[in-house]
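Below you'll find the structure, written out as structure tokens, and then a few comments.
The values are calculated or read from the model by the stated rules, or taken from the named source; none is laboratory data. Computed from a predicted model, the values in this text were never measured in an experiment. We place every Cβ from the backbone using ideal geometry, glycine too, and count neighbours over all the protein chains shown.
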């Protein structure tokens with residue numbers, strides 16, 4: 001089972017760069033950053049459960065917090081998506097809480113990118129159907145109104161012909 005775990009981590013996160021361990025200060029910042037993700041994931045009701053946390057550099061990342069859903073998901077609820085956004089932002093929040101706003105790092109750039117992409121997709125996926133429903137509702141109401149106007153117009157034309 002350890003071989004499968006190792007292979008999964010290598011595919012998802014890239015090879016471990018044990019020879020490129022950063023200095024102790026960077027490790028400390030990374031540890032707090034990943035701890036932020038870990039704590040929020042653990043205590044957020046609709047977030048996927050925590051699987052693994054590491055501060056061993058892999059790929060471009062200095063650390064990684066992994067999660068695995070309890071079951072295969074075909075759809076995600078709004079609260080699940082918001083929970084994932086909370087987790088994504090938690091690394092930066094942890095840095096701010098521990099080191100202060102002036103000492104935050106660029107380590108959260110990938111988290112911000114992922115959160116922005118998720119938020120954009122949420123707006124497009126959730127609100128596009130609301131707007132389409134509203135559009136079709138209005139179209140239907142407009143169609144009904146046009147039909148009524150035509151009936152009233154035809155009625156007045158008949159009345160006008162009878163008077164002439």
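Could you tell me which of the residues 78, 41, 58, 45 is more than 24 Å from residue 14 (Cβ to Cβ) and touching a residue at least 40 places away in the same chain (Cβ under 8 Å)? Working first, answer last.
Working: 41 fails: more than 24 Å from residue 14 (Cβ to Cβ); 58 fails: more than 24 Å from residue 14 (Cβ to Cβ); 45 fails: touching a residue at least 40 places away in the same chain (Cβ under 8 Å).
Result of the check over 78, 41, 58, 45: 78.
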> Is one or more of the residues making up the range 24-47 in contact with a helix residue (DSSP H, G or I) (Cβ under 6 Å, 6 or more places away or on another chain), surrounded by fewer than 16 Cβ atoms within 10 Å (Cβ to Cβ), under 30 Å from residue 126 (Cβ atoms) and at pLDDT 80 or above?
Replying inline: yes
> Regarding residue 11, is this residue part of a strand (DSSP E or B) and without any contact (Cβ under 8 Å) to a residue 40 or more places away in the chain?
Replying inline: no
> Just one of 91, 107 is assigned to a helix (DSSP H, G or I), under 17 Å from residue 66 (Cα atoms), modelled with pLDDT under 90 and in contact with a helix residue (DSSP H, G or I) (Cβ under 7 Å, 6 or more places away or on another chain); which is it?
Replying inline: 107
>> Going residue by residue through the range 59-79, is there one that turns out to be out of contact with any helix residue (DSSP H, G or I) (no Cβ under 6 Å at 6 or more places or on another chain), farther than 18 Å from residue 31 by Cβ and assigned to a helix (DSSP H, G or I)?
In response: yes
